[in-house]
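For reference, the structure is listed below as structure tokens.
The values are calculated or read from the model by the stated rules, or taken from the named source; none is laboratory data. The model shown is predicted, which means the values in this text are computed figures rather than measured ones. So basically every Cβ, Gly included, is an ideal-geometry build from the backbone, and we count neighbours across all protein chains shown.
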Amino acid sequence: MGNPTGPAIRVGVNKGKTYYWCSCGLSKSQPFCDNSHKEDAQNRKPLSYTALSDRFISFCACKKTQLPPICDKSHNRDCLTNNSSNCDVISKDSKVSSLNKTLI
């Protein structure tokens with residue numbers, strides 16, 4: 001699955017499944033928690049998200065969203081002011097259901 005980075009990561013989610021979004025930014029499995037927050041000096045914890053339907057969700061990876069865990073394009077403010085080239089949504093290749101990790 002790799003470890004895509006960017007302001008948002010588009011992931012296929014499955015109805016009824018709960019996902020744990022990394023809120024600290026330390027996870028190497030973005031956008032999901034891999035328990036790296038245990039090293040977080042600010043004591044941030046993962047946020048749970050339960051999918052209401054099978055669909056694709058753009059999870060925030062920049063951690064600036066006002067609607068966590070969903071990307072609200074807050075990163076665009078940085079793109080406009082900094083002319084950043086890293087301002088596109090990144091798609092994961094596979095559905096999250098293939099993720100064989102414990103996310104909390």
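Residues that are in a loop (DSSP other than H, G, I, E, B), among the basic types (Lys, Arg) and closer than 20 Å to Thr18 by Cα within region 33-80 comprise Arg44, Lys45, Lys63, listed in sequence order.
Scanning region 14-52 for residues that are surrounded by 18 or more Cβ atoms within 10 Å (Cβ to Cβ), in contact with a helix residue (DSSP H, G or I) (Cβ under 9 Å, 6 or more places away or on another chain) and of a type in the set (Ser, Thr, Tyr) gives Tyr19, Ser23, Ser27.
Go through region 1-13 and give me each residue that's surrounded by fewer than 21 Cβ atoms within 10 Å (Cβ to Cβ) and modelled with pLDDT of 90 or more. Of everything in region 1-13, those that are surrounded by fewer than 21 Cβ atoms within 10 Å (Cβ to Cβ) and modelled with pLDDT of 90 or more turn out to be Arg10, Gly12.
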